[in-house]
Amino acid sequence: MPEQRDTSESLNEAKRLQALDEYAVLGTEPEKEFDDLVAMARRIFAAPIALISLVASDHQYFKARIGLDLCQTSRDGSFCTHAVKRHDVLVVLDAAADERFASSPLVSGEPHIRFYAGAPLTTPDGFIIGSFCIKDTDSRSAFSDDQQQTLQDLARLAMERLEARKIALRGLDSRKQFDSIAAVSADAIICADASYRIISWNRAAEHIFGYTAAEAIGQSLTIIVPLALRASHEAGIARFAAGHAPRLIGKLVTVPALRRDGTEFPIELSLSHWTEGGKLRFGAIARDVTDRQEAERRLKREADFDYLTEIANRKVLTEHMRAAEQSGTPATLMLIDLDGFKDVNDSLGHAAGDRVLKIVAQRLGAGIGDAGLLSRLGGDEFAVFIEGAADPISATSLGDLLIAAIEQPVELDERCVYVGASAGVAVAEALLWRADDLLADADLALYAAKSTGRSHVRLFTPELRSVVQTRTSVSSGIREAWERQELEMYYQPQVRLSDREVSGAEALIRWNHPDRGLIAPAAFLPYLEASLLAVPVSEWILRTACEQASIWRSQGHTGFRVGVNLFTAQFRTRDLPDVVDQALRDFGLPGEALELEITENIILHSDKGIKLDLAKLREMGVGIAFDDYGTGFASLTMLKDYPVTRLKIDRSFVSTVDQSARDQTIVNAIAELAKGFELEVIAEGIETEDQAVLMKAYCSEGQGYLFGKPQNAENFEQAFITGRSGSAHTAGQRC
């Protein structure tokens, strides 16, 4: 069966290539009627690149292109190679995240394509010879059904131009072939003689113009020309009769047309001429573009306005800021971010969240009036741009008023919802300022406002730039620390609460700076996880911890287990199970000697492949611990869907469990939940004997300063491995 399928596919490909060859179009010079189509596509979809791509055996040739200097590229790994295998529109919202295209030179290199949409170019016989496609260097969140239909319409137009071109090249003198094309076309195809008298009128023409074939044949083409244009039409006929070439031959134009009932409507018109039996004939292909023009107007609005709130979007804001920048106009930019909006989505659903956003936009619009441009940047973030004013006092006062308006209760059905807001303001007084800098300054001010708490307006001041400098400094310092081997592994004991025997340890990374000493993880871990070092450092952590666990197990602690915290970046490489398996093999560890710790953020920021990776790790015997359990929003769903073996109760509940009945209730609920799912439980942050005794009723294991602080491998070994007792009763005191 596989051989038959391969043979069938090869035969179909051979027929497809033969169909492509019949158009004799590969390697030909640009032609305006095709160039006009890609130019139209770029305007409609606001895409920097538009192409008519014809897919040959080993390369793709661009009959028309805009925004791309290449005439052709290799077929291997190309978008259009996939597009010719389907009869609908191929949409790739983010090529960098699509394994089919991530390694393509046009994605990984210039021009760094991220978005692609391609509609098939289908011959009358059903062969797909290429695609009409658009590309963008930015990814997109969606490509609507209307947009796909418009792209398919453009592809059909391009195919009809190719058909007309093929007819002209072959010098067809057979009326039968013309009629066969006209009969199946969705567009009006009309044939006229040298006097512009209609001699052929297909079914589509009957539908579009309202005349039956019997009524139209023999009439002048002027029956479909509006009265106001008939004089110029007749003048064109006269020029042709005098020996001048018709002006519209070979061009694609949009002109008004007239229906039988007298209504005018727009058509897209393409004219051609040929000789049939020694007589001159004219052909016209016409398409009613009323719906398309309406769709273009709708798409234009969608391109400029936020679909949900119907206020300006980021694109319009950018255009206004660029214009003000070029003119040197003083300006003020305010960024507004909602506080508590995520709680609305989580508790009431996204439909309620959308209603809140609409109401907030209305309140902002009423508060701003005509003073400035209101736009939605995305999510729950809005912007106010005021040209011709750079008054920080007025701007901050406006921010206070807008926040007060936002914080008024929002009535949703029979309940009231409350959201807050924070705002960052930046002003540009000088003649020379940059839009990007103003946006960055306002963003820093917003960050500072949110750090202060809810309902704050913060004006940008130069010292806020030190925040960015600090981030850059830390990121640079981490790279140097990695190169100088300043990163170390520390280990904190995990004990059985029943007998205080050490059962394992959590491996924790530390930065031992030559001048500043040990740097707190919170000061560098966020930057490390977001850097390119995340993958190599995380692999080093894993292998170092596995090697150390192997040594301690060989010294008599055969049941010793090491816990390793995972980074989000490790799941993006798609090889985590292989990396873990290799580490276990290299150091002779069984799977149960390793426990990998994940958090809710890791799951939320990873794709669906994380489930498969975790399942493979569980098959190897590796434990999966859910860290910081109880502090997130979607923990119950994740507990149901992911192969977790242990819950780690967050220290925020343990630290006051002996003083707070509420925290004790939460701990009890987590323990009961774990029992129902047959999961183990370990408590973090145990610091007092009372906490240890109390948590013993809920957890099998514990971790915290009562038993031992994180320490390097040498000190850990002396305290818990080679000492006379493996118990944390005395070892914890020696730390």
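What the table below lists for this structure:
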| read-out | value |
| --- | --- |
| Strands (runs of 3 or more DSSP E) completely within region 34-102 that count 2 or more residues being β-branched (V, I, T) and within 30 Å of T254 (Cα to Cα) | 49-55 |
| Search result, residues across region 504-546 that are surrounded by 20 or more Cβ atoms within 10 Å (Cβ to Cβ) and assigned to a strand (DSSP E or B) | G504, A505, E506, A507, I509, W511 |
| Candidates A507, A583, A569, A481, filtered to the one that is of a type in the set (G, A, S) and either farther than 28 Å from L612 by Cβ or free of Cβ contacts under 8 Å to residues at least 40 places away in the same chain (or both) | A481 |
| Among residues of region 694-722, those that are touching an Asp or Glu at 6+ places or on another chain (Cβ under 7 Å) and either in a helix (DSSP H, G or I) or of a type in the set (G, A, S) (or both), counted | 3 |
| Subset of region 191-238 [among the acidic types (D, E) and closer than 27 Å to G278 by Cβ] | D193, E234 |
| Matching residues, region 576-629, being polar (S, T, N, Q) and within 15 Å of N565 (Cα to Cα) | T599, N601 |
| Pairs with Cβ under 6 Å, 6+ apart, first in region 402-426 and surrounded by fewer than 24 Cβ atoms within 10 Å (Cβ to Cβ), second aromatic (F, W, Y) | P409/Y418; V419/F341 |
| Near pairs, Cβ below 9 angstrom, 6+ apart or cross-chain, from region 200-212 (without any contact (Cβ under 8 Å) to a residue 12 or more places away in the chain) to any residue that is assigned to a helix (DSSP H, G or I) and not small (G, A, S) | E206/E215; T212/E206 |
| Any hit, region 72-88, residues being at pLDDT below 90, of a type in the set (D, E) and within 25 Å of the chain's Cα centre (by Cα) | yes |
| Qualifying positions in region 93-133 - touching a Pro at 6+ places or on another chain (Cβ under 6 Å) and either of a type outside the set (S, T, Y) or without any contact (Cβ under 8 Å) to a residue 60 or more places away in the chain (or both) | I128 |
| Residue that is modelled with the lowest pLDDT, among those in region 345-360 that are under 23 Å from the mean Cα position of the chain (by Cα) and crowded, with 20+ Cβ neighbours inside 10 Å | G353 |
| Condition check for K166: out of contact with any helix residue (DSSP H, G or I) (no Cβ under 8 Å at 6 or more places or on another chain), surrounded by 14 or more Cβ atoms within 10 Å (Cβ to Cβ), at pLDDT below 95 and closer than 30 Å to S220 by Cβ | yes |
| Flag for M334 being more than 28 Å from R43 (Cβ to Cβ), assigned by TED's automatic domain parsing to the domain that holds A430 and in contact (Cβ under 8 Å) with a residue 12 or more places away in the chain | yes |
| So E387, is it acidic (D, E) and surrounded by 15 or more Cβ atoms within 10 Å (Cβ to Cβ) | yes |
| Entirely in region 380-493, the helices (runs of 4 or more DSSP H) that have 2 or more residues that are under 30 Å from E547 (Cα atoms), among the polar types (S, T, N, Q) and modelled with pLDDT under 85 | 465-483 |
| Where a residue in region 679-701 is free of Cβ contacts under 8 Å to residues at least 40 places away in the same chain and of a type in the set (S, T, N, Q) and its partner, wherever it lies, is outside any loop (DSSP other than H, G, I, E, B) and crowded, with 21+ Cβ neighbours inside 10 Å, with Cβ under 7 Å and at least six apart | Q691/V654 |
| Selected residue (only one of A95, A102, A50, A119 is modelled with pLDDT under 90 and of a type outside the set (K, R)) | A102 |
| Sole residue being outside any strand (DSSP E or B), surrounded by fewer than 16 Cβ atoms within 10 Å (Cβ to Cβ) and either touching a strand residue (DSSP E or B) at 6+ places or on another chain (Cβ under 7 Å) or not assigned by TED's automatic domain parsing to the domain that holds S185 (or both), chosen from D153, D146 | D146 |
| Test for A713: is it modelled with pLDDT of 90 or more and assigned by TED's automatic domain parsing to the domain that holds K640 | yes |
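Conditions tested, residue by residue: (1) loosely packed, with under 14 Cβ neighbours inside 10 Å; (2) modelled with pLDDT under 95; (3) in contact with a helix residue (DSSP H, G or I) (Cβ under 8 Å, 6 or more places away or on another chain).
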| residue | (1), (2), (3) |
| --- | --- |
| E678 | yes, yes, no |
| G685 | no, yes, yes |
| D690 | yes, yes, no |
| K696 | no, yes, no |
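The values are calculated or read from the model by the stated rules, or taken from the named source; none is laboratory data. Bear in mind that the values here come from a model prediction, so they are computed numbers and not experimental data. All Cβ positions, even for glycine, are placed from backbone atoms using ideal geometry, and neighbour counts span all protein chains on display.
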